[in-house]
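Inspection log for the structure reproduced underneath, given as structure tokens.
The values are calculated or read from the model by the stated rules, or taken from the named source; none is laboratory data. Keep in mind that what you see is a predicted model, and the values were worked out from it rather than measured. All Cβ positions, glycine included, derive from the backbone under ideal geometry; neighbour counts span all protein chains shown.
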Amino acid sequence: MSQETKLSSKYRQLLGACCHALDDTRAEDIAILDVSKISTITNYLILATANSQPHLRALKRDLDKTLKDLNVGILGVDEGDHSGWSVVDAFDVMIHLFTHEMRENYDLETLWKDAKAIDAEPLVSNLEESA
């Protein structure tokens, strides 16, 4: 059984919609990490890379719209103005948007190396097919 089919429909929809919004805005290297067994603050991390600070702001804007359309509450947002890193805390899902330099610098994939990776592509594809 693939990891995607193990996701509840709630998480499949939320993760898929977030990744779809990021993909539509040309985010690079979208990754999903299941941290539910090793974190007390969230269940999933979505990581994505922007090619510039303006691109990062565009990713954040489109992600905000998607979350609002899904009526997902936002616990907090760290804009990180001009820092190259923006974080959106949507309770069960925390989305980290980086420029290339900041993603390499913070290397969250290594920090969360014990997390289960989930392939974002099938979630985005399934969402596109159902639209």
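Highlighted here are the strands (runs of 3 or more DSSP E) found entirely within region 29-120 that include at least 3 residues which are within 22 Å of S8 (Cβ to Cβ) and not hydroxyl-bearing (S, T, Y): 44-50, 85-90, 93-99, 116-118.
Here V93 meets the list (1) under 14 Å from the mean Cα position of the chain (by Cα); (2) surrounded by fewer than 19 Cβ atoms within 10 Å (Cβ to Cβ); (3) of a type outside the set (S, T, Y); (4) more than 14 Å from A21 (Cα to Cα) almost entirely, failing just condition (2).
Exactly one residue out of T49, T25 is of a type in the set (V, I, T), closer than 24 Å to K68 by Cβ and crowded, with 20+ Cβ neighbours inside 10 Å: that is T49. Answer with yes or no whether Y44 is of a type in the set (F, W, Y) and either modelled with pLDDT under 95 or in contact with a Pro (Cβ under 6 Å, 6 or more places away or on another chain) (or both). Criteria not met by Y44.
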